[in-house]
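*Asks:* I have a structure I would like to understand better, so I am pasting it below and will then ask my questions one at a time.
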Amino acid sequence: IFFRNAKMIHSLFIFNALGEIIMEKHWRGTISRSVGEDFWTNHVMKAAQFSDVMPIIATSRHYLVHIQRGGVFFLAVLHGEAPPLMTLELLDRMAHIFDDYFHGLNEEVIKDNFVTCYQLLEELVDNGFPVTTEPTVLKDLVAPPSLLNKLKSVAQAQGASTGTSTAASLESSPVPWRKAGIKYTNNEIFFDVIEEIDCIIDSNGQIVSSEISGRIEANSRLSGFPDVLLSFVNPQVMEDVAFHPCVRFARYEQDRSLSFVPPDGVFELMRYRAQYPNNAPFYVTPKISFHKDSGRLNIMVGMKAGGRDVPEKGIQDVKCTVHMPKNTESVRLDATQGTHAYDNMTKELKWDVGRISQNKVPSLNGNVSGTAGTEFGENTGLSVLVDFKLPMIALSGLRIDTVTLTNEKYKPYKGVRPVTKAGRYQVRTG
């Protein structure tokens, strides 16, 4: 829903990490590059880090809205007031589509695929307003780089226009996110329940703050126009839900089930938040003490005995990161499992633990030495950032009950796979 008389994006500038404009697009007349250069000089350069820059900045003549993804800045310039969250969401969708098209997002990717990026912006936005933002539809309008040469060669050989058939299939479809005439030999649909947990744990093991951010990603390879109904065992655990446009919201309000005609291919069905019930099947116990110019470090990671959510495959991809004091000169550590490294420039200690199972308690032990002539504060408190993956577990407890399909005669193969990952999982030492 647009605000009455809303002014959407006038121009778009894309910067690299050095503040150089690598792409620009104008929809309502050309805006001088000096606007983007002033943004970088007066806001980005003066901030301690990129995340400190306000996402929405009001100047005397323009509104500047920006996001950062993969070391690349997307800056939207607006002449007047517009729905701020809509603008941020559009920029995020641009970055997501670039990443999906080119399997990565950075300066080199945009420069190597400049023409395709420009074509995508042409389809995404018209006169400053979002138009076609569905990835599966965009791939019919703008061919991904890996398929472009093949499609061109086929079209030239057959003397046919692929754009005409694509437009016809989209026009004949009753929904904008799915074209007509889709056919598969094997019909199947898969759902990934992906949860990321942000948590702060104090030195006594008590949770200071925590939250779970979840999303359900689907991969649909279904023929025709199937109607899918997905129901949950415990939908009450979800809060602040947001849906793909294909989901019928009225049905969700009625019985908390998802009814939809799915787009073809991979798409994000919904997002939600949930409370963290403190049921993680593992623990992290860091002990770091300092005295004058030296210190002692001990970090242990293990699985809780008898936990009800202990994954059969163990805890995977476990990593611990500690930002040491600035006057740290060197560390001498031994790890019972995995590898560790200390970067004296960034003062960052990284321990790649790997996979841990029920009968293993990996530990990292050793001494810390300070720069000559300096001392550590005895009350120096550090934090351990923990990264991990829990396969086949959704810590919120969310469970999918049934997935049914109507409006088609075939019986598809269906699959559900939950996983929990660390967002910003922080354990304090003091």
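The values are calculated or read from the model by the stated rules, or taken from the named source; none is laboratory data. Please read all numbers here as calculations on a predicted model, not as lab measurements. Methodologically, a virtual Cβ is constructed for each residue, glycine included, from the backbone with ideal geometry; neighbour enumeration extends over all protein chains shown. Note: accessible area is taken over every heavy atom of the protein model, side chains too, but ligands, DNA and RNA are not part of it. Shrake-Rupley method; radii C 1.70, N 1.55, O 1.52, S 1.80 Å.
*Asks:* With Glu89, Glu24, Glu37 as the choices, which residue is closer than 28 Å to Pro145 by Cβ and outside any strand (DSSP E or B)?
*Replies:* It is Glu89.
*Asks:* When the range 317-339 is examined, which residues are found to be open to solvent by less than 70 Å² (accessible area, probe 1.4 Å) and of a type outside the set (A, V, I, L, M)?
*Replies:* Residues satisfying the conditions are Cys320, Thr321, Pro325, Asn327, Thr328, Ser330, Gln337, Gly338.
*Asks:* From Ile22, Ile67, which residue is within 22 Å of Gly104 (Cβ to Cβ) and surrounded by 18 or more Cβ atoms within 10 Å (Cβ to Cβ)?
*Replies:* The match here is Ile67.
*Asks:* Would you be able to tell me the number of residues in the range 261-301 that are farther than 30 Å from Asn186 by Cα and part of a strand (DSSP E or B)?
*Replies:* Matching residues across the range 261-301 total 22.
*Asks:* Name every residue in the range 222-255 that is without any contact (Cβ under 8 Å) to a residue 60 or more places away in the chain, surrounded by 16 or more Cβ atoms within 10 Å (Cβ to Cβ) and assigned to a strand (DSSP E or B), in order of residue number.
*Replies:* Correct list: Val241, Phe243, Val247.
*Asks:* When you scan the range 87-96, do you find a residue that is more than 23 Å from Val247 (Cα to Cα) and open to solvent by 50 Å² or more (accessible area, probe 1.4 Å), even just one?
*Replies:* no
*Asks:* Now for a different question. Go through (1) over 30 Å from Tyr184 (Cα atoms); (2) open to solvent by 30 Å² or more (accessible area, probe 1.4 Å); (3) among the polar types (S, T, N, Q); (4) modelled with pLDDT of 90 or more and name the single condition Asn379 misses.
*Replies:* So the condition that Asn379 fails would be (4).
*Asks:* Could you pull out the residue among Lys421, Lys411, Lys360 that is open to solvent by 60 Å² or more (accessible area, probe 1.4 Å), touching a strand residue (DSSP E or B) at 6+ places or on another chain (Cβ under 8 Å) and part of a strand (DSSP E or B)?
*Replies:* So the residue among Lys421, Lys411, Lys360 that is open to solvent by 60 Å² or more (accessible area, probe 1.4 Å), touching a strand residue (DSSP E or B) at 6+ places or on another chain (Cβ under 8 Å) and part of a strand (DSSP E or B) is Lys421.
*Asks:* When residues of the range 181-207 are filtered for being open to solvent by 40 Å² or more (accessible area, probe 1.4 Å) and closer than 13 Å to Gln275 by Cα, how many remain?
*Replies:* 3
*Asks:* Quick check on the range 297-354: of everything there that is at pLDDT below 90 and of a type in the set (Lys, Arg), which residue is farthest from the chain's Cα centre (by Cα)?
*Replies:* Going through the qualifying residues, I end up with Lys326.
*Asks:* Could you check the range 26-58 and list, in sequence order, the residues that are surrounded by fewer than 16 Cβ atoms within 10 Å (Cβ to Cβ), touching a residue at least 12 places away in the same chain (Cβ under 8 Å) and in contact with a helix residue (DSSP H, G or I) (Cβ under 8 Å, 6 or more places away or on another chain)?
*Replies:* Phe50, Pro55, Ile56, Ile57
*Asks:* Can I ask one more? Being modelled with pLDDT of 90 or more and more than 24 Å from the chain's Cα centre (by Cα) is true for just one of Ala58, Ala6. Which residue is that?
*Replies:* Ala58
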